Amino acid sequence: MTVDPNAATQYFQPEPPRRTFGAARYLVPALVAAAVAVALGVYGKVHDPAGTAFNLAGFSSTAAVKSWLATTAFFFALLQLASALMMYGKLPGPSWSSTLHRWSGRIAFLVAVPVAVHCLYALGYQTYEPRVLWHSVLGCFFFGAFSAKMLLLRSERLPGWLLPLVGGLVFTALTVIWLTSALWFFRTFGVTT
């Protein structure tokens, strides 16, 4: 067979390869979440509680500091929930609701970190009553779920339900953590500083 070198050439453009992620796309964030939660729980369980991790001037105790910081984190988590509902069109809101969502989440997380450090370092992972058990379990779960949410934010083409679901889990965990610690403290000892 001979080929005419002067014949018109047809350009063949192959279809670009499709990126298939499959279950690994969701498995990696889930595994990271589990690893973070388990690592925090193990550290809290094997670490000898120090009794205190920090105190701030003007507060009567480290429990008061922890309760007020947790309340601040919970307040910003409520802002996150409201701004997420605005972003998804469930509530009317300003055009900058996504900016509010990002910054309220950052602030909530940054305020929650010293609370977690205090819980893990000063108190450890404890299970002596149901309230404390739920607080310990959900404290570890919160940071694991938060890690998964941050990893999922960088993923492309997520199903529309996944990020709200994981964000809802993070919010729910933080709510129960607040109920089992700060609210319990304020109801038991009064709203003190």
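State whether the residues of the stretch 105-119 include one that is within 15 Å of Tyr43 (Cα to Cα), at pLDDT below 95, in a helix (DSSP H, G or I) and open to solvent by 60 Å² or more (accessible area, probe 1.4 Å). Yes - at least one qualifying residue is present in the stretch 105-119.
In the stretch 131-175, the residue that is modelled with the lowest pLDDT out of those that are open to solvent by 60 Å² or more (accessible area, probe 1.4 Å) and touching a helix residue (DSSP H, G or I) at 6+ places or on another chain (Cβ under 6 Å) is Leu151.
Scanning the stretch 90-104 for residues that are outside any helix (DSSP H, G or I) and open to solvent by 60 Å² or more (accessible area, probe 1.4 Å) returns Lys90, Leu91, Pro92, Ser95, Trp96. Selection of the stretch 138-165 for residues being without any contact (Cβ under 8 Å) to a residue 12 or more places away in the chain and not in a loop (DSSP other than H, G, I, E, B) yields Met150, Leu153, Leu165. Taking the numbered list (1) open to solvent by 40 Å² or more (accessible area, probe 1.4 Å); (2) farther than 20 Å from Tyr43 by Cβ; (3) at pLDDT below 95 in turn, Tyr128 passes all entries but (2).
List every residue pair whose Cβ atoms lie under 6 Å apart, where the two residues are 6 or more positions apart in sequence or sit on different chains, the first residue falls within the stretch 31-52 and is of a type in the set (D, E, K, R), and the second residue, located anywhere, is open to solvent by 50 Å² or more (accessible area, probe 1.4 Å) and at pLDDT below 95. Filtered contacts from the stretch 31-52: Lys45/Tyr125.
The values are calculated or read from the model by the stated rules, or taken from the named source; none is laboratory data. Everything numeric in this text was worked out from a predicted model, so none of it was measured. Using ideal geometry, Cβ is built from the backbone for each residue, glycine included, and neighbour counts are taken over all protein chains shown. Remember, those area values only see protein heavy atoms, side chains included, never the ligands or the DNA or RNA. Shrake-Rupley method; radii C 1.70, N 1.55, O 1.52, S 1.80 Å.
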